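Participant: Attaching a single structure in structure tokens format; questions to follow.
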Amino acid sequence: MNPEENIPTDFIREAVAEDLKTERFDRVHTRFPPEPNGYLHIGHAKALIIDFGIARDFGGKCNLRFDDTNPVKEDVEYVDAIKDDIRWLGFDWGDRESYASDYFDKLYEWAVMLVKKGKAYIDDQSPEEVSANRGTLTEPGKESPYRNRSVEENLNLLKRMKDGEFPDGSRVLRAKIDMGHANINMRDPVMYRILHEPPHHRTGTKWKIYPMYDWAHGQNDSMQGITHSLCSLEYENHRPLYEWFLDQLGVFTTRQIEFARLNISYTVLSKRNLLQLVNGGYVDGWDDPRMPTLRAMRRRGYTPEAIINFVNRAGVAKNYSVVDVALLESVVRDDLNTNAPRRMGVLNPLKVIITNYPENQTEELEFVNNPEDESAGTRMVPFSNELYIEREDFRVDPPKKYFRLGPGREVRLRYGYFIKCEDFVEDENGNIVEIHCTYDPETRGGFAPDGRRVKGTLHWVSSRHAIDAEIRLYDRLFIKENPMDTGDDQYFTDNINPDSLTILKHCKLEPSLADAKPGDRFQFERRGYFCMDMDSMDDNLVFNRTITLRDTWAKISKQQKK
């Protein structure tokens, strides 16, 4: 693509366009380099959308390259999940799937080259000693007593490390740069460490030494001819090191550009904290719909289009910022409002008996599937003399501005008739168990020929035709805008929202939902947007609430401020 064409503008795209214009590069080739040690979350989604999006916008290519340099934490399960999530978002890497482990032989060859040049050495210090001798931001580090070993001794020890002769943690290979450098990353960084177990998920037991990320990452970019290495901001201080390695090796130099990570209010995106939520039983696994992983958002009912739209609207920034989670929720609502078919579901059912409607009669009423999409058409919904409405839609003593059903009150049934409450039945505890109403047969469709009006419109389900379902009402996982904002004796899990999940049994749904499949999304009229969960079975349908129809948290926040 010509860089002069209409491409969305941000500082990364401007830099890429300038590189093409000045002929620094004659093409655009990016990569998305996930670690296969966990599931992708929405922060990773930002990175991959940038990587794949920029390659697409400039007519280039994007590789999928797994950074599998730590067999202790990696698993094929994560590899498969990551690929599935990327495809779900709508991106594809063609035949350009690779792994850092594909290049282990070449990395080792280049490490030997640096040793021969006197630019790397074997250090026998313990990991604790290496860390302690690195110095601080204000004090220089201390040179290792093994720093000036001969090239021959270093080569001999490196080969013996590779062959598995030494135990874990006994030796490392370090680059020889400058222990007094102002940038701590340049103070003789570790390039290789010894790891005998577990076997690598791709190379098995071939290797007993594994490259550190800082050694593998930049070199893998060079090996693949990556023109633009797009990284999150914490790697900005690592860039001089990556460039030093490439300069010492005399190989192709990739341009690294850093951007700020995605941070969202009421959300944690640290893998360590997410793991704490899973292992501590605060959530039901990595795909719990309250989690910010892509698998969890998918299960909750978020669409890939909504996630991509959110990331694009959040923008690409250079500086740290926090995006209001309300923006994500708003984007999801807008997407589902346009695309989700409407259905009727009663979550807390209360029975209504229409006393003047023929007891054994059933008629079909026509419902619009989606008022935002005429092509969605209509469907027929059964109506009978016994219905379910929401328990909250009836009050014995209705307060002011309550326009729903009450004694002597008339309301409209959605796409149905006007009904009027004539009586109600209570149990021995004073709970309403049944409402008796009459209907006006002249008001079919919800309009009165005599022009009288009613203010309340209720959704309903015919009790004779209703299907039972379990409804899981999901809400924000944390009650604080910054979940990590804790007191001295608190942990971030103390900020978990106790009402983040409410499970409702024996909810009543219109019969057409019996044909729904896991992943299907709907708007339950007046209740919110819902997605059928994978836990559903023929005799036990389960729906997850994706999002409410309105931003109820905005009202809560306003009340808290008052």
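Participant: Mind checking which residues of segment 11-42 are surrounded by fewer than 20 Cβ atoms within 10 Å (Cβ to Cβ) and of a type in the set (G, A, S)?
Facilitator: A15
Participant: Within segment 205-212, is even one residue open to solvent by 50 Å² or more (accessible area, probe 1.4 Å), farther than 26 Å from P140 by Cβ and assigned to a loop (DSSP other than H, G, I, E, B)? Before you say what the answer is, go through the steps one by one.
Facilitator: Taking segment 205-212 as the starting set, the residues that turn out to be open to solvent by 50 Å² or more (accessible area, probe 1.4 Å) are 205-206, 212.
Filter once more, so that each one left must be farther than 26 Å from P140 by Cβ: 205-206.
Now narrow it down to the ones that are assigned to a loop (DSSP other than H, G, I, E, B): 205-206.
Yes: segment 205-212 contains one or more residues that are open to solvent by 50 Å² or more (accessible area, probe 1.4 Å), farther than 26 Å from P140 by Cβ and assigned to a loop (DSSP other than H, G, I, E, B).
Participant: I would also like to ask the following. Six or more apart or on different chains, Cβ atoms under 9 Å: show the pairs whose first residue is in segment 152-169 and within 12 Å of I194 (Cα to Cα) and whose second is open to solvent by 60 Å² or more (accessible area, probe 1.4 Å) and not charged (D, E, K, R).
Facilitator: Sorted first by the residue in segment 152-169, then by its partner, the pairs are G164/T205; G169/P127.
Participant: Report yes if P199 is at negative phi and open to solvent by 10 Å² or more (accessible area, probe 1.4 Å), otherwise no. Before you say what the answer is, go through the steps one by one.
Facilitator: On the way: at negative phi: yes; open to solvent by 10 Å² or more (accessible area, probe 1.4 Å): yes.
Answer is yes for this residue.
Participant: Examine segment 455-476 for a residue that is closer than 29 Å to K400 by Cβ, of a type in the set (K, R) and either outside any helix (DSSP H, G or I) or over 30 Å from the mean Cα position of the chain (by Cα) (or both), and state whether such a residue exists.
Facilitator: Scanning segment 455-476, I find at least one residue that is closer than 29 Å to K400 by Cβ, of a type in the set (K, R) and either outside any helix (DSSP H, G or I) or over 30 Å from the mean Cα position of the chain (by Cα) (or both), so the answer is yes.
Participant: Okay, next question. Determine, yes or no, whether Y402 is closer than 18 Å to Q523 by Cβ, assigned to a loop (DSSP other than H, G, I, E, B), among the hydroxyl-bearing types (S, T, Y) and under 44 Å from the mean Cα position of the chain (by Cα).
Facilitator: Details: closer than 18 Å to Q523 by Cβ: no; assigned to a loop (DSSP other than H, G, I, E, B): yes; among the hydroxyl-bearing types (S, T, Y): yes; under 44 Å from the mean Cα position of the chain (by Cα): yes.
For Y402, the condition - closer than 18 Å to Q523 by Cβ, assigned to a loop (DSSP other than H, G, I, E, B), among the hydroxyl-bearing types (S, T, Y) and under 44 Å from the mean Cα position of the chain (by Cα) - is not met.
Participant: Then there's this: In segment 143-176, which residue that is open to solvent by less than 40 Å² (accessible area, probe 1.4 Å) and hydrophobic (A, V, I, L, M, F, W, C) is farthest from P240 (Cα to Cα)?
Facilitator: F166
Participant: Provide a single number: the residues in segment 80-110 that are assigned to a loop (DSSP other than H, G, I, E, B), in contact (Cβ under 8 Å) with a residue 12 or more places away in the chain and either in contact with a Gly (Cβ under 8 Å, 6 or more places away or on another chain) or among the acidic types (D, E) (or both).
Facilitator: Pass one, segment 80-110, residues assigned to a loop (DSSP other than H, G, I, E, B): 89-96.
Among the residues that remain, those that are also in contact (Cβ under 8 Å) with a residue 12 or more places away in the chain are: 89-91, 93-94, 96.
In the following step, the residues that additionally are either in contact with a Gly (Cβ under 8 Å, 6 or more places away or on another chain) or among the acidic types (D, E) (or both) were identified as none.
Residues in segment 80-110 being assigned to a loop (DSSP other than H, G, I, E, B), in contact (Cβ under 8 Å) with a residue 12 or more places away in the chain and either in contact with a Gly (Cβ under 8 Å, 6 or more places away or on another chain) or among the acidic types (D, E) (or both): 0 in total.
Participant: Consider E77 against the criteria (1) under 30 Å from L155 (Cα atoms); (2) charged (D, E, K, R); (3) in a helix (DSSP H, G or I); (4) out of contact with any helix residue (DSSP H, G or I) (no Cβ under 8 Å at 6 or more places or on another chain): it satisfies all of them except one. Which criterion is unmet?
Facilitator: (1)
Participant: Within segment 486-517, restricting attention to residues that are open to solvent by less than 80 Å² (accessible area, probe 1.4 Å), assigned to a loop (DSSP other than H, G, I, E, B) and of a type outside the set (S, T, Y), which residue is nearest to N348 (Cα to Cα)?
Facilitator: Ranking the candidates gives E510 first.
Participant: From the set of residues in segment 351-406 that are small (G, A, S) and free of Cβ contacts under 8 Å to residues at least 24 places away in the same chain, which is farthest from N337 (Cα to Cα)? Please lay out each step first, then the result.
Facilitator: Initially, segment 351-406 is screened for residues small (G, A, S), giving 375-377, 384, 406.
Still in the running and free of Cβ contacts under 8 Å to residues at least 24 places away in the same chain: 375, 377, 406.
Values: S375: 14, G377: 15, G406: 31 Å.
Step by step, filter segment 351-406, then rank; the result is G406.
Participant: Continuing with this model, one more query. Sort out which residues of segment 256-308 are open to solvent by 10 Å² or more (accessible area, probe 1.4 Å), assigned to a helix (DSSP H, G or I) and more than 20 Å from K73 (Cβ to Cβ), and write them in order of number.
Facilitator: M297, R298, R299, R300, P304, E305, I308
Participant: Condition first: open to solvent by 30 Å² or more (accessible area, probe 1.4 Å), of a type in the set (A, V, I, L, M) and assigned to a helix (DSSP H, G or I). Now tell me which residues in segment 213-255 satisfy that.
Facilitator: The answer is M223, L233.
Participant: Another question about this same structure. Can you find a residue that is within 30 Å of L158 (Cα to Cα) and either open to solvent by 60 Å² or more (accessible area, probe 1.4 Å) or of a type outside the set (A, V, I, L, M, F, W, C) (or both) anywhere in segment 53-66?
Facilitator: Yes.
Participant: Taking the condition among the basic types (K, R), at pLDDT 95 or above, farther than 24 Å from P292 by Cα and not in a strand (DSSP E or B), does R526 pass? Steps first, please.
Facilitator: On the way: among the basic types (K, R): yes; at pLDDT 95 or above: yes; farther than 24 Å from P292 by Cα: yes; not in a strand (DSSP E or B): yes.
Taking the combined requirement at face value, the residue satisfies it.
Conditions tested, residue by residue: (1) under 14 Å from H459 (Cα atoms); (2) under 38 Å from the mean Cα position of the chain (by Cα).
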site: V311; (1), (2): no, yes
site: V325; (1), (2): no, yes
site: R342; (1), (2): yes, yes
site: G345; (1), (2): yes, yes
site: P349; (1), (2): yes, yes
site: N356; (1), (2): no, no
site: V381; (1), (2): yes, yes
site: I389; (1), (2): yes, yes
site: R414; (1), (2): yes, yes
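Participant: Now, a different point. It is to be established whether one or more residues within segment 331-354 are exposed (fewer than 15 other Cβ atoms within 10 Å of the Cβ) and part of a loop (DSSP other than H, G, I, E, B).
Facilitator: Looking for residues that are exposed (fewer than 15 other Cβ atoms within 10 Å of the Cβ) and part of a loop (DSSP other than H, G, I, E, B), one finds none in segment 331-354, hence no.
Participant: Please go through segment 450-482 and pick out each residue that is more than 30 Å from P498 (Cα to Cα), at pLDDT 95 or above and open to solvent by 50 Å² or more (accessible area, probe 1.4 Å).
Facilitator: Matches in segment 450-482: R464, H465.
Participant: Further question on the same structure: Looking only at segment 256-291, filter to residues that are of a type in the set (K, R) and closer than 21 Å to E35 by Cα; which one of those is modelled with the highest pLDDT?
Facilitator: Initially, segment 256-291 is screened for residues of a type in the set (K, R), giving 261, 271-272, 290.
Going one step further and asking which of them are closer than 21 Å to E35 by Cα, we end up with 261, 271-272.
Details: R261: 95, K271: 90, R272: 92.
My answer is R261.
Participant: On to the next question. Identify, please: which residue in segment 370-387 is in contact with a Ser or Thr (Cβ under 8 Å, 6 or more places away or on another chain) and open to solvent by 40 Å² or more (accessible area, probe 1.4 Å) and is, among those, farthest from G430 (Cα to Cα)?
Facilitator: Looking at residues that are in contact with a Ser or Thr (Cβ under 8 Å, 6 or more places away or on another chain) and open to solvent by 40 Å² or more (accessible area, probe 1.4 Å), I get D373.
Participant: From the list G218, G250, which one is of a type outside the set (D, E, K, R), within 30 Å of the chain's Cα centre (by Cα) and within 19 Å of K119 (Cβ to Cβ)? Steps first, please.
Facilitator: Values: G250 fails: within 30 Å of the chain's Cα centre (by Cα).
On inspection, the qualifying residue turns out to be G218.
Participant: So, S131, is that one open to solvent by 40 Å² or more (accessible area, probe 1.4 Å), over 30 Å from T30 (Cβ atoms) and not β-branched (V, I, T) or not? Working first, answer last.
Facilitator: Working: open to solvent by 40 Å² or more (accessible area, probe 1.4 Å): yes; over 30 Å from T30 (Cβ atoms): yes; not β-branched (V, I, T): yes.
It is true that S131 is open to solvent by 40 Å² or more (accessible area, probe 1.4 Å), over 30 Å from T30 (Cβ atoms) and not β-branched (V, I, T).
Participant: Write out, first by first residue and then by second, each pair whose Cβ atoms fall under 8 Å of each other, whose residues are 6+ apart or on separate chains, and whose first residue, in segment 503-531, is within 15 Å of T303 (Cα to Cα) while the second is assigned to a loop (DSSP other than H, G, I, E, B) and among the acidic types (D, E).
Facilitator: These pairs meet every condition: P518/D533; C531/D520.
The values are calculated or read from the model by the stated rules, or taken from the named source; none is laboratory data. These numbers were taken from a predicted model, which means no experiment stands behind them. Positions of Cβ are generated from backbone atoms using ideal geometry, with glycine treated the same way; all protein chains shown enter the neighbour counts. All accessible areas refer to the heavy atoms of the entire protein, side chains included, with ligands and DNA or RNA removed. Shrake-Rupley method; radii C 1.70, N 1.55, O 1.52, S 1.80 Å.
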